[in-house]
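Notes for the one structure printed next.
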There are 2 protein chains.
Amino acid sequence: MDLDHDALTIGIDLGATSVRVAAYSPAAGLLETSIFPTRIAAGPVGVVDDIGDNVLRLLKVYSRSRPCVGIGVGSPGPLELPAGRLHAPPNLPGWDKFPLLHELQDRFPHSVFLDGDAKVAALAEYVLGSGKEFSVDSLCMLTLGTGVGSGIILKGRIWHGASGMAAEAGHLTIDPAGPICGCGNAGCLEAYASGTAIVKAAAHFAADDTHCFSPGRADGTHALTAGDLAIAARAGDPEARSIYDGAGRALGIALADLINLLNFPLYVIGGGVAQSWDLLSSSIFEELHRRSYVYRLTASDGPASQAFPGGTRVISSRLGPEAGLLGACILPLHAPPHEHEEALGDSQPDPHATLR
Amino acid sequence: MDLDHDALTIGIDLGATSVRVAAYSPAAGLLETSIFPTRIAAGPVGVVDDIGDNVLRLLKVYSRSRPCVGIGVGSPGPLELPAGRLHAPPNLPGWDKFPLLHELQDRFPHSVFLDGDAKVAALAEYVLGSGKEFSVDSLCMLTLGTGVGSGIILKGRIWHGASGMAAEAGHLTIDPAGPICGCGNAGCLEAYASGTAIVKAAAHFAADDTHCFSPGRADGTHALTAGDLAIAARAGDPEARSIYDGAGRALGIALADLINLLNFPLYVIGGGVAQSWDLLSSSIFEELHRRSYVYRLTASDGPASQAFPGGTRVISSRLGPEAGLLGACILPLHAPPHEHEEALGDSQPDPHATLR
């Protein structure tokens, strides 16, 4: 694929509370971004109408000077591919069986490319972030936000599995008797390391309003966030520290599973909670060394690193909160039409060759 | 690859207690099999000498009438690929850093193809067993023996990861506070569902020699096996049943992790312990339904099976204890030289097209 650096794409980051729509070109990056609330009450068609208005406005402004090569969308899951249909998404009530790809494609004159939100974030990290920095061909990214999303890039391409539902690392079981997760399981990674789980773990302490991170500490209206807890932890609060320590341990156990299974060169932790990498990393690496002999043998800073060139790296995201939107923007440049139906063995250009 | 059905291969299944060496052709199957003890005390070079004698004898007999296309080897791990070097294999003391591929290749006039024992078993299951039966392009196999091995076939090829150590599903953490595993971790799948773990779990009951599966029950010299326990469980012994139930639950948790991560169409349980599928399956499926929403959505017998053609299947192996040896025999027919260094994107024939 010979990328035109002046080509235009439109990226759509569909979230449960807000939608971001951006115009993008490889040469200029993000040209303009619109953010608007997700009108859940208007139903899926109402939200798609809002998206349509914003996309058409951006196309009108930017497609005069640049040829639009496609519209990329990152969506919450579970998302069935290649059909592009949602299956009872927990954060989008009323969207069960909604044919999102079909409804979007009907509104635009350009091809629509739809994928999972964490999968497109992983694509962005691969093409524009740490994948580029370390010249790897495969990586696994965990996105710690309201939930824990995950994306696998395998030999330069998003890994979808048989029906688009691969890479659900947020639902790896960490402790079979652990806290209940929204998916119905007990002890999922998401129930320890999402922003929601971190706030929930703090509720016990916060109920005591003499506590430094009690909800009453500021103006009485501010809802406690994982970021507030990180500030408290850095200030030395022992409960806040232990909550982040627990999240780090769960991440370490999940990463040990992933490394033992995938033997990839790179694992990336992104999303809002990853901004507290300083509070998470020591327990992550402690669990990794204990639980993954593949990590012990191949760690990039380990004793055997000479035997395993490149080794195994676990790092925090280079792109920060923009990863999801950037991934939606570059998806049309990296996902050939009908990709999901093609064999992985088909020839595929290395995106690094054209975008680096 | 245009397979010659009358071609000859030699397969070597290197185990910690015995070695099996076989002559094989696609048309005739296993032509002759030798089994001899693994002389651990003779050191790795001594064992490779024994293997060499047996291979050269089989070549002398069978390569007169058929062209030998290569020698395939399945080895215990950890095995570094493409170098073909072992790294402190727990069941082969004295073999740390042993260059197995190099030592074998030096002895033979034909190309040697080396891979992990569970990986070649998965290849056999894919080419000759359930992969063929269900016409899938990818599968994950767990082999329950002395340990728990695992192999991933991805779009028709063994998945190795960056250094040959992928697919170590036996070391997925089931319970972070569970029994200690030989790998140094606590609560690995192997510590619940291997034959060794099942016998160990019974030791507590067996110490009471009035118990129906006490070691003294038969002739006093017979060491308790997982098979003895299966017989006791089928006869209604509650402790034996609960041990198999626990192994099944651990397998269900691991399979839920694998399905959420890989979204493959087929998962196969093989090895000696899988012969007790009748004792394992109900707890496996109970955990799967509880812990994997990807399984609930896509199970081949589930309510949504129409939406997901083919769906997700979890079954016991079709090949039984021969899978590892057969996999070693067919490895030269399916692994092009330098496969590990090639991109997964390279064109690769579908083995089903030629061997079905």
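The values are calculated or read from the model by the stated rules, or taken from the named source; none is laboratory data. As the structure is a computational prediction, the values presented were derived from the model and not from experiment. Quick reminder, even Gly has a Cβ in these numbers, built from the backbone with ideal geometry, and neighbours come from all protein chains shown. Note: areas computed on protein heavy atoms with side chains; ligands, DNA, RNA excluded. Shrake-Rupley method; radii C 1.70, N 1.55, O 1.52, S 1.80 Å.
General remarks:
- The residues of the stretch A:133-150 that are under 12 Å from A:A122 (Cα atoms) and in contact (Cβ under 8 Å) with a residue 60 or more places away in the chain, listed by number, are A:S138, A:L139, A:C140, A:M141, A:L142, A:T143, A:G149.
- Among residues that are closer than 25 Å to A:A177 by Cα, in contact with a strand residue (DSSP E or B) (Cβ under 9 Å, 6 or more places away or on another chain), more than 14 Å from chain B (Cβ to nearest Cβ) and touching a residue at least 40 places away in the same chain (Cβ under 8 Å), A:V273 is included.
Quick grid of which residues meet (1) more than 8 Å from every other protein chain (Cβ to nearest Cβ); (2) more than 18 Å from B:T173 (Cα to Cα); (3) in contact with a Phe, Trp or Tyr (Cβ under 8 Å, 6 or more places away or on another chain):
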{"position": "A:T143", "(1), (2), (3)": "yes, yes, no"}
{"position": "A:A167", "(1), (2), (3)": "no, no, yes"}
{"position": "A:G170", "(1), (2), (3)": "yes, no, no"}
{"position": "A:D175", "(1), (2), (3)": "no, no, no"}
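- Tabulated pairs, the stretch A:184-197, first open to solvent by less than 10 Å² (accessible area, probe 1.4 Å), second in a helix (DSSP H, G or I), C-beta under 6 angstrom, 6+ apart or interchain: A:N185/B:R291; A:C188/A:H171; A:L189/A:G170; A:L189/A:A250; A:L189/A:A254; A:A193/A:A247; A:A193/A:A250; A:A193/A:L251
- Some residue of the stretch B:239-249 being at pLDDT 95 or above and under 26 Å from B:G131 (Cβ atoms): yes
- Yes/no for B:A83 being touching a Phe, Trp or Tyr at 6+ places or on another chain (Cβ under 6 Å) and within 23 Å of B:I158 (Cα to Cα): no
- Pairs where the first residue, in the stretch A:277-298, is under 16 Å from B:H160 (Cα atoms) and more than 8 Å from chain B (Cβ to nearest Cβ) and the second is crowded, with 20+ Cβ neighbours inside 10 Å and hydrophobic (A, V, I, L, M, F, W, C), C-beta under 9 Å, 6+ apart: A:Y295/A:L255; A:Y295/A:A256; A:Y295/A:I259; A:Y295/A:L288; A:Y295/A:V314
- When the stretch A:66-81 is filtered for residues that are within 12 Å of another protein chain (Cβ to nearest Cβ) and assigned to a loop (DSSP other than H, G, I, E, B), the ones remaining, listed by number, are A:G77, A:P78, A:L81.
- Filtered by the rule that a residue be open to solvent by 60 Å² or more (accessible area, probe 1.4 Å) and touching a helix residue (DSSP H, G or I) at 6+ places or on another chain (Cβ under 9 Å), the stretch B:34-72 gives B:P37, B:R39, B:V45, B:D49, B:V69.
- Some residue of the stretch A:199-219 being open to solvent by less than 60 Å² (accessible area, probe 1.4 Å), out of contact with any Pro (no Cβ under 6 Å at 6 or more places or on another chain), within 14 Å of chain B (Cβ to nearest Cβ) and at pLDDT below 95: no
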